[in-house]
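Quick notes on the structure that follows.
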Amino acid sequence: MIIANWKCNGTKKMIFSWFEDYGKEVNFVDVLPIVGVAPPSIYFGYFSRENASLKFIEWGLQDADHLDGPRTGAISVDMLIDMECDFLIIGHSERREIFKEDNDLIKEKLKSLNNRVTAILCIGENKEENNKGITRDVLKEQLDIVNGLELDQSFTVAYEPVWAIGSGLTPEPKDINEIHKFIKDVVQSNSANNLVPKVLYGGSVTDKNAESFFKEEFVDGALVGGASLDGSTFAKIVNIFSGIDKK
């Protein structure tokens, strides 16, 4: 699974160039991975399932509200379903930091999505927490929201060390692999149906370093930020993932 998070970036011109560049570069192999793009919500309508180059892409959004009604500016889960949205990113570190979203709110969003739209839950530690050696404690606390929940089989976690996002710095692939196994174990132990989730890595993923991550046993793909804004580069990352044999 390879997901593009465009964040607050994009123009109409950029989007149509992206379509063309992605379509030229991506390899349409026999067994395609799940590929998703989360544009800013205002541009969601530009993504047509009739476009040949986008035929195998799933579409999602970067955030939504868990309620509807008198909540000016919000987008509800029912609206996502109405627009045939495939997935939703929740709990991104920028939502936690900039918009002060806490575990209680993120849990409400997860509960509103469950069995309706695929949830991609972002978790990750900051640099200070990493330096203190408390990464696993931080992640376990952020994963508390799954405790006792019956999770949909599509539920996915994205591990994004906050200090790696946009910095060009990344953990060692073996360290990422160990953290991913830890995340899978925590979710399996604490969810009501003992689900083993897919776990993606995010944080300065590029076409230059992606292969080193994808070769690791417990890395099920990537949530790509800056590198996903270029259609050709994102297609290269998809191609790399398609070529990895983990059998």
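With respect to the stated conditions, Ser204 fails to be surrounded by fewer than 16 Cβ atoms within 10 Å (Cβ to Cβ), among the hydroxyl-bearing types (Ser, Thr, Tyr) and in contact with a helix residue (DSSP H, G or I) (Cβ under 7 Å, 6 or more places away or on another chain).
So, Val238, is that one touching a helix residue (DSSP H, G or I) at 6+ places or on another chain (Cβ under 6 Å), of a type outside the set (Gly, Ala, Ser) and touching a residue at least 12 places away in the same chain (Cβ under 8 Å) or not? In short, no.
When we screen Val219, Val187 for residues that are crowded, with 18+ Cβ neighbours inside 10 Å, touching a residue at least 24 places away in the same chain (Cβ under 8 Å) and outside any helix (DSSP H, G or I), the only hit is Val219.
In segment 69-83, what residues are within 20 Å of the chain's Cα centre (by Cα) and among the hydroxyl-bearing types (Ser, Thr, Tyr)? Across segment 69-83, the qualifying residue is only Ser76.
If the condition is being hydrophobic (A, V, I, L, M, F, W, C) and closer than 19 Å to Glu129 by Cα, then segment 147-185 contributes Ala158, Val162, Trp163, Ala164, Ile165, Leu169, Ile176, Ile179, Phe182, Ile183.
In this structure, is Ser212 at pLDDT 95 or above and touching a Pro at 6+ places or on another chain (Cβ under 7 Å)? Walk me through how you get there before you give the answer.
Numbers: at pLDDT 95 or above: yes; touching a Pro at 6+ places or on another chain (Cβ under 7 Å): yes.
Judged against the criteria, Ser212 is a match.
Taken together, Gly225, Gly231, Gly148, Gly166 contain a single residue that is within 20 Å of Val37 (Cα to Cα), in contact (Cβ under 8 Å) with a residue 24 or more places away in the chain and surrounded by fewer than 17 Cβ atoms within 10 Å (Cβ to Cβ), which is Gly166. None of Val146, Val199, Val187 is on the phi < 0 side of the Ramachandran plot and under 15 Å from the mean Cα position of the chain (by Cα) except Val199.
The values are calculated or read from the model by the stated rules, or taken from the named source; none is laboratory data. No experiment lies behind these values; they were computed from the predicted model shown. We place every Cβ from the backbone using ideal geometry, glycine too, and count neighbours over all the protein chains shown.
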